[in-house]
Amino acid sequence: MYSFIQDIFQDWQVNQTTSLKCRLILMMFRLTQALNKLPFPFRLISFISRGFYQVFVEYLLGVEIPFDTEIGSNLQLHHAHSLVVNHQTTIGNNCILRHCTTIGNKKTADGSSSGSPKIGNYVEIGSNVVILGDITIGDHAVIGAGSVVIKDVASGTVVAGNPAKVIQKKEIYLGK
């Protein structure tokens, strides 16, 4: 039971300096995910939770992070507003997402949809960023505000611009 509650509130501490809105969004996201993992008869309550989550978080608060999105622990949301994340996106541990950001797939030349981004650990994403397609953002990368990212970003790289270009490569201390 303790682990269940701990999982739901895992992002609460790292979002201490952000708004209560950010904390509530993440708490409801984790709760809805946890309820969806329950065995069948108990999982019926997840339908109610999903509906409430969708109405409250997506429609009223303007943040679209589908409950089935794979997101690691300690996600930070800064100024959670106009944030759209495709449900096929994968986001690693200890990442930061800022407002007015879109992360998702795109239409390919043949009219089909591409895959969605895979974002590594310790990635910081600025405001007004667009990340599209079946690409990988490496660990410890920084995506500058207003960037449009449609190609892979290597670990420890700072990118910015439209289209995003490498601004700096950082040394990554991985500590032992």
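The values are calculated or read from the model by the stated rules, or taken from the named source; none is laboratory data. The model shown is predicted, which means the values in this text are computed figures rather than measured ones. We place every Cβ from the backbone using ideal geometry, glycine too, and count neighbours over all the protein chains shown.
General observations
- From the options T18, T69, residue that is closer than 22 Å to N128 by Cβ, among the polar types (S, T, N, Q) and in contact (Cβ under 8 Å) with a residue 60 or more places away in the chain: T18
- Residue-level check: of (1) more than 14 Å from the chain's Cα centre (by Cα); (2) at positive phi, Y122 misses just (1).
- Residue selected from the range 7-63 under the condition surrounded by fewer than 19 Cβ atoms within 10 Å (Cβ to Cβ) and among the basic types (K, R), by the criterion farthest from S82 (Cα to Cα): R43
- Residue within the range 90-106 that is free of Cβ contacts under 8 Å to residues at least 12 places away in the same chain and either within 16 Å of the chain's Cα centre (by Cα) or assigned to a loop (DSSP other than H, G, I, E, B) (or both) present: no
- Strands (runs of 3 or more DSSP E) lying entirely in the range 127-170 (those with 3 or more residues that are at pLDDT 95 or above, surrounded by 15 or more Cβ atoms within 10 Å (Cβ to Cβ) and not hydroxyl-bearing (S, T, Y)): 130-132, 157-160
Let's see how each residue does on (1) in contact with a Pro (Cβ under 7 Å, 6 or more places away or on another chain); (2) at pLDDT below 90; (3) of a type in the set (G, A, S):
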position	(1), (2), (3)
L31	no, no, no
P39	no, yes, no
R43	no, yes, no
S46	no, yes, yes
R50	no, no, no
Q54	no, no, no
Y59	no, no, no
G62	no, no, yes
P66	no, no, no
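- Members of the range 117-148 found to be over 14 Å from G92 (Cα atoms) and of a type outside the set (A, V, I, L, M, F, W, C), listed by number: G126, S127, N128, G133, D134, G144, G146, S147
- When residues of the range 63-73 are limited to those that are within 21 Å of V153 (Cβ to Cβ) and not in a loop (DSSP other than H, G, I, E, B), the one nearest to the chain's Cα centre (by Cα): I71
- On the stretch given as the range 74-89, residues that are in a loop (DSSP other than H, G, I, E, B) and touching a residue at least 40 places away in the same chain (Cβ under 8 Å) total 4.
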